[in-house]
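The values are calculated or read from the model by the stated rules, or taken from the named source; none is laboratory data. Computed from a prediction, not measured in an experiment: that's the story for all the values here. Methodologically, a virtual Cβ is constructed for each residue, glycine included, from the backbone with ideal geometry; neighbour enumeration extends over all protein chains shown.
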Protein chains: 2
Amino acid sequence: MITGHVFIAASLDGFIARSDGDIGWLLERDDPSEDHGYAAFIQDIDAILMGRGSYETVRDMPEWPYTRPVLVLSQTLRDRDAPAALAGKVRFTDMSPEQAMRMLEAEGRRRVYVDGGRIVQSFLRAGLIADMTITHVPVLIGTGRSLFGAVPSDIPLIHEATRSFPSGLVQSRYRIAP
Amino acid sequence: MITGHVFIAASLDGFIARSDGDIGWLLERDDPSEDHGYAAFIQDIDAILMGRGSYETVRDMPEWPYTRPVLVLSQTLRDRDAPAALAGKVRFTDMSPEQAMRMLEAEGRRRVYVDGGRIVQSFLRAGLIADMTITHVPVLIGTGRSLFGAVPSDIPLIHEATRSFPSGLVQSRYRIAP
């Protein structure tokens, strides 16, 4: 059975980026000497699913940060839109969350990193997320791209663990109650 | 120097109540056997400031929960609107946050509990909050009354401490960076 997993940082008021995608407020509070667990998290992941917004943010980074195959859910982007340097590393599809997960499952994938605000929201609504690691960054930015959004009904969570870091980051892991 | 202090619970997606004021989702996740620190917090408080929304929620409780004088900021409510049972316990004013704090300071108050979503937001914007204890409840409710709102510019926070409880509540204390 394939499962979706979230590992994401947000301002204390719940934004993963400013409206224009800027995450400078987050990066400037990151302490590279702290181990926030991303390497351990990604170790158990065999595919990555994200939306166009997240893809366009990482696409323009000097180095492609992912060591797992990436599937981008987009109504507009097609495989031919991928830069040559990303051939074999990223695919695009206009599938629904359920269809995309079924396709990855048919390919033998089991644990999928689901990244980006709107994608996390749609996967939560579709019941496709097994657990979430949320890292709160100690700042209020007031507006931007929300981590969470509307839900068809309450989504109860089971708190598994919380830790804080000298940088002020607070990281909690929750399972989605079945 | 008078200071404002926040002690409040919110769903993980940042709501302090549903749109109609309902907090059943919060109460049902409260474990009365856990000490979440409210008694210790209120011990050092000598006045309470809230908005009309919070007042109308607590006014209808079987018992008035506050042991400190309450000042309600409201454009519409006046002292004559208070139920007889609350005489001497609650006052109303249409003062601005700054004016209300100056009045309380002139009365000898030093540490004010600032409660309720819109009031917390306006006091944060006015720079009147010294610290916040935020307790995240393990549920996503999707919509409702937001704990936080727009800010004129980023508000950096200094993380002081975080603890979690067997009930799944996660409580963090932040100072507002000067």
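Tabulated values for the structure
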| item | result |
| --- | --- |
| Residues satisfying the stated conditions in the range A:158-178, i.e. among the basic types (Lys, Arg) and more than 9 Å from chain B (Cβ to nearest Cβ) | A:173, A:175 |
| Residues satisfying the stated conditions in the range A:135-158, i.e. touching a Lys or Arg at 6+ places or on another chain (Cβ under 8 Å) and in a strand (DSSP E or B) | A:137, A:139, A:145, A:157, A:158 |
| Residue in the range B:10-31 that is more than 21 Å from residue A:155 (Cβ to Cβ) and either among the hydrophobic types (A, V, I, L, M, F, W, C) or in a helix (DSSP H, G or I) (or both) present | no |
| The range B:129-144, residues that are more than 7 Å from every other protein chain (Cβ to nearest Cβ) and on the phi > 0 side of the Ramachandran plot | B:144 |
| Cross-chain or 6+ apart pairs with Cβ under 7 Å, the range A:158-173 first and under 15 Å from residue A:35 (Cβ atoms), then among the basic types (Lys, Arg) | A:161/A:173; A:167/A:29; A:171/A:163 |
| Tally of residues being of a type outside the set (A, V, I, L, M, F, W, C) and either at positive phi or in a strand (DSSP E or B) (or both) across the range B:82-103 | 3 |
| Subset of the range A:30-40 [touching a residue at least 12 places away in the same chain (Cβ under 8 Å) and either touching a Lys or Arg at 6+ places or on another chain (Cβ under 7 Å) or surrounded by fewer than 17 Cβ atoms within 10 Å (Cβ to Cβ) (or both)] | A:30, A:31, A:34, A:37, A:38 |
| Given (1) closer than 20 Å to residue B:132 by Cα; (2) within 13 Å of the chain's Cα centre (by Cα), index of the condition residue B:37 fails | (2) |
| Residue that is touching a strand residue (DSSP E or B) at 6+ places or on another chain (Cβ under 9 Å), surrounded by 20 or more Cβ atoms within 10 Å (Cβ to Cβ) and more than 14 Å from chain B (Cβ to nearest Cβ), where the choices are A:12, A:73, A:26 | A:73 |
| First in the range A:1-17 and among the polar types (S, T, N, Q), second anywhere and part of a loop (DSSP other than H, G, I, E, B), Cβ under 7 Å, 6 or more apart | A:11/A:141 |
| Single match in A:21, A:53 (criterion: closer than 25 Å to residue A:82 by Cα, of a type outside the set (Asp, Glu) and surrounded by fewer than 16 Cβ atoms within 10 Å (Cβ to Cβ)) | A:21 |
| Criterion violated by residue A:147 - all others in (1) more than 9 Å from chain B (Cβ to nearest Cβ); (2) in contact with a Phe, Trp or Tyr (Cβ under 8 Å, 6 or more places away or on another chain); (3) within 29 Å of residue B:165 (Cβ to Cβ) satisfied | (1) |
| Single residue of the range B:102-127 satisfying the filter (surrounded by 20 or more Cβ atoms within 10 Å (Cβ to Cβ) and among the aliphatic types (A, V, I, L, M)) that is nearest to the other protein chains (Cβ to nearest Cβ) | B:124 |
| Residue A:81 vs. criteria at pLDDT below 95 and over 15 Å from the mean Cα position of the chain (by Cα) | yes |
| Residue A:65 away from chain B (no Cβ under 12 Å), modelled with pLDDT under 95, surrounded by fewer than 14 Cβ atoms within 10 Å (Cβ to Cβ) and closer than 30 Å to residue B:172 by Cβ | yes |
| Residues of the range B:125-157 classified as farther than 20 Å from residue B:113 by Cβ and either out of contact with any Asp or Glu (no Cβ under 6 Å at 6 or more places or on another chain) or without any contact (Cβ under 8 Å) to a residue 12 or more places away in the chain (or both), total | 10 |
